[in-house]
Amino acid sequence: MNRHLLSALLLAALSTPLLSAAQTKPAARPIGANSGDQFLMRDGEVLLRQGATTKPLTKNVVLADGTKVNYKSGIVELPGGKKTTLRDGDYVTMKGEIVFATPGSAAASRGDAAAPAAAQYEQYVDRNSPPTTADMETRLGSLNSRITLMAQKIQLLNDKINLLSGSTQRPADTSQLDQQIKALDDQLRQVK
């Protein structure tokens, strides 16, 4: 009986430090993180971006989908095992999606050197966010320009129909109208 008691005490003594160490291990996911948060690489440092505020990470992160973000190096390991290193401006969403800041960083992630390092993306437009007043004014101005040009084109087409539907034996010369219609078509293609 004494031998079993001694074994139980020895086992309890050995397992207590392991249990307490496991309980004090820091959580893999930052406290207070929500679905809109991002892990951003800026100036060689991985930051947690929560809305307009950022703070440096102090530990590695494992996201719900299994994506791992190394806070010291910016290395991201995807659930399938593929690894990539974040460059300045790149970030990882809480869903584990990597968003590249430049074509160069996206190409480097693919192992492709085709994109020049200085290449830039065109300005990103979030289609889910409501347009600003300036956006609406720009769209309205563009729409007004298109309407004006279309009205001019309709008038020229009506003039051409009138010339061609005349009762003369010889067909009317519509070359001047055709040139004007072509010029309006070119202008319409340029208005966005």
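Rule-based calculations on the coordinates, nothing more; no lab input. Owing to the predicted nature of the structure, the values given are computational and were not obtained by experimental measurement. Glycine gets a Cβ as well: all are built from the backbone with ideal geometry, and neighbour counts include every protein chain shown.
Close amide H partners of Gly89, meaning residues 5 or more places away or on another chain with modelled amide H under 5 Å apart, are Met41, Arg42, Asp43.
Within 10 Å of each residue's Cβ, count the other Cβ atoms and sort Val92, Val191, Val61 from fewest upward.
Numbers: Val92 25, Val191 13, Val61 21.
Sorted ascending by nearby Cβ count, the order is Val191, Val61, Val92.
Past 21 Å, Cα to Cα, is the threshold; run Lys55/Lys83; Lys153/Lys192; Lys160/Lys192 against it and keep the listed order. Please list the in-between numbers first.
Details: Lys55/Lys83 24 Å; Lys153/Lys192 17 Å; Lys160/Lys192 27 Å.
From the list (Lys55/Lys83; Lys153/Lys192; Lys160/Lys192), the Cα-Cα distance tops 21 Å for Lys55/Lys83; Lys160/Lys192.
Amide H contacts for Ile75 (H built 1.01 Å from N in the peptide plane; partners 5 or more residues away or on another chain; cut-off under 5 Å): Asn70, Leu86. Length gained on full extension, Met150 to Asp173, computed as 0.36 nm times the residue gap minus the Cα-Cα distance: 6.0 nm. Note on region 38-110: the C-alpha convex hull projects to 4.5 nm² when averaged across all orientations.
Filter the trypsin sites (Lys or Arg not before Pro) in region 54-108 to those in DSSP coil with at most 15 other Cβ atoms within 10 Å of their Cβ, and list the result. Provide the component values of the computation, followed by the final result.
On the way: sites: Lys59, Lys68, Lys72, Lys82, Lys83, Arg87, Lys95; in loops: Lys59, Lys72, Lys82, Arg87, Lys95.
Listed in order of number, the matching sites are Lys59, Lys72, Lys82, Lys95.
Taken one residue at a time, the phi angles of region 69-84 give Karplus couplings (6.51, -1.76, 1.60, θ = phi - 60°) of 10, 8, 6, 8, 9, x, 6, 10, 10, 7, x, x, x, 5, 10, 8 Hz. Gly and Pro are set to x. Think of region 38-110 as having a plus end and a minus end, set by charges on the Cβ of Lys, Arg, Asp and Glu; of Gly44, Thr67, Thr85, Thr67 sits farthest toward the positive end of this dipole.
What ranking do Thr85, Thr67 get, fewest neighbouring Cβ atoms within 10 angstrom at the top?
Numbers: Thr85 14, Thr67 21.
The fewest-first ordering by Cβ neighbours comes to Thr85, Thr67.
Only aspartates and glutamates eight or more places from Lys82 in sequence, or on another chain, were considered; those with a Cα closer than 20 Å are Asp65, Asp90, Glu97, Asp112.
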